[in-house]
Amino acid sequence: MPPPAADAFLRVERRKGAYALVVLCREPVNTMNLSFWQQLTAVLDELEADPAVRGIIFCSGLRRDVFTAGNDINELYAPLTSHERYREFWLVSNRFLARLYTSPLVTVAAIRGACPAGGCCLSMCCDYRVMTESGSIGLNEVALGISVPKMWAGLMMRLIGTGPAEKLLQFAVMLQPGEAKELGLIDDVASKEGLMVRLWAAAEQAMRQMLKSPDFSRADTKSKLRGDFAAEWARYAETEVDGAWELLSSGPVKAQLAGVLERLSGGKKKADPQSRL
């Protein structure tokens, strides 16, 4: 398979069985900047409009074991961006997530390795999550000096319950795959032996199983279960963005993120082009 163009972070592969593979391939760790979220939106537009596609499997095409390391901190660190740019970034990303959560397509996240923050949220929006035995997953924003977005936290609460979610979110806990499965944050774990083969087998088996149901009845049920939450999420993004920018522009948060950027870039003052949150 040919590599994507220099400015393309996704690769789409249509597979037999009426589903498509969406490969996330922004080296080195799939950090999610504005362009990344825009490309995700365009791919979802394309696949939902294709009558031959009934499902999507999201996976990583990186050389290292990372699903996606989350949002690009360069989109969040106020001195490197602007209120206008941040507003577009936040609305595009959250509208995509809310839409993915209610997509009429069957959606599966095949998670290889690390899956913090934005990667965790993307996977939580899918119908089924399978993860390699080696890795970690969670919303760890608090550890980096950022509050967890309200609707992201609400989605985790819907999946695993309020009590467990509150503890994980407040203390920025990254779960090991077995722990995540026990809590219901993921659905299956691929054993270490034959790791990628087992991951794909589990993801494809889940896809085939869910595609046994008629699309119209499954998608309508999904909409009824998730539609109100997704609509609130899309609306709230508009309300949230200005307050979030005020927080990101505050002295303590700027200082905290400056330290994160310096650490990620190996102590250099210049920001890492793929810093993550």
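Each row is one residue, and each column tells you yes or no for (1) closer than 18 Å to CYS125 by Cα; (2) open to solvent by 20 Å² or more (accessible area, probe 1.4 Å); (3) aliphatic (A, V, I, L, M).
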{"residue": "LEU21", "(1), (2), (3)": "yes, no, yes"}
{"residue": "TRP37", "(1), (2), (3)": "yes, no, no"}
{"residue": "ARG64", "(1), (2), (3)": "no, yes, no"}
{"residue": "ASN71", "(1), (2), (3)": "yes, no, no"}
{"residue": "GLU75", "(1), (2), (3)": "no, no, no"}
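Being touching a residue at least 60 places away in the same chain (Cβ under 8 Å) and closer than 18 Å to PHE67 by Cβ, is that true of even one residue in segment 149-165? Scanning segment 149-165 turns up at least one residue that is touching a residue at least 60 places away in the same chain (Cβ under 8 Å) and closer than 18 Å to PHE67 by Cβ.
When restricted to residues that are of a type in the set (Gly, Ala, Ser) and modelled with pLDDT of 95 or more, segment 114-145 contains 7.
Scanning segment 114-168 for residues that are closer than 25 Å to LYS222 by Cα and either open to solvent by 10 Å² or more (accessible area, probe 1.4 Å) or under 13 Å from the mean Cα position of the chain (by Cα) (or both) yields a count of 32.
Checked against the criteria, SER103 does not count as under 14 Å from the mean Cα position of the chain (by Cα), within 24 Å of GLN205 (Cα to Cα) and either surrounded by fewer than 22 Cβ atoms within 10 Å (Cβ to Cβ) or not aliphatic (A, V, I, L, M) (or both). Sub-7 Å Cβ pairs linking a first residue in segment 177-190 that is at positive phi to a second residue that is assigned to a helix (DSSP H, G or I) and surrounded by 16 or more Cβ atoms within 10 Å (Cβ to Cβ), at least 6 apart or interchain, are GLY184/ILE160, ordered by first then second residue.
Only one of the numbered conditions (1) open to solvent by less than 40 Å² (accessible area, probe 1.4 Å); (2) assigned to a helix (DSSP H, G or I); (3) modelled with pLDDT under 95 is not met by ASP272, and that is (2). Considering each residue of segment 121-144 in turn, at least one proves to be assigned to a strand (DSSP E or B) and farther than 17 Å from GLU179 by Cβ. Filtering segment 169-185 to residues that are open to solvent by less than 70 Å² (accessible area, probe 1.4 Å) and assigned to a loop (DSSP other than H, G, I, E, B) leaves ALA172, VAL173, MET174, GLY184, LEU185. Would you pick out the residues in segment 77-89 that are open to solvent by 10 Å² or more (accessible area, probe 1.4 Å) and hydrophobic (A, V, I, L, M, F, W, C)? Listed by number, the residues that qualify are ALA78, LEU80. Restricted to segment 10-114, the set of strands (runs of 3 or more DSSP E) holding at least 3 residues that are in contact (Cβ under 8 Å) with a residue 40 or more places away in the chain comprises 55-60. Scanning segment 145-168 for residues that are part of a loop (DSSP other than H, G, I, E, B) and over 27 Å from THR102 (Cβ atoms) yields a count of 1.
The values are calculated or read from the model by the stated rules, or taken from the named source; none is laboratory data. Source: prediction; values computed, not measured. Glycine also receives a Cβ, built like all others from the backbone with ideal geometry; neighbour counts cover every protein chain displayed. Note: areas computed on protein heavy atoms with side chains; ligands, DNA, RNA excluded. Shrake-Rupley method; radii C 1.70, N 1.55, O 1.52, S 1.80 Å.
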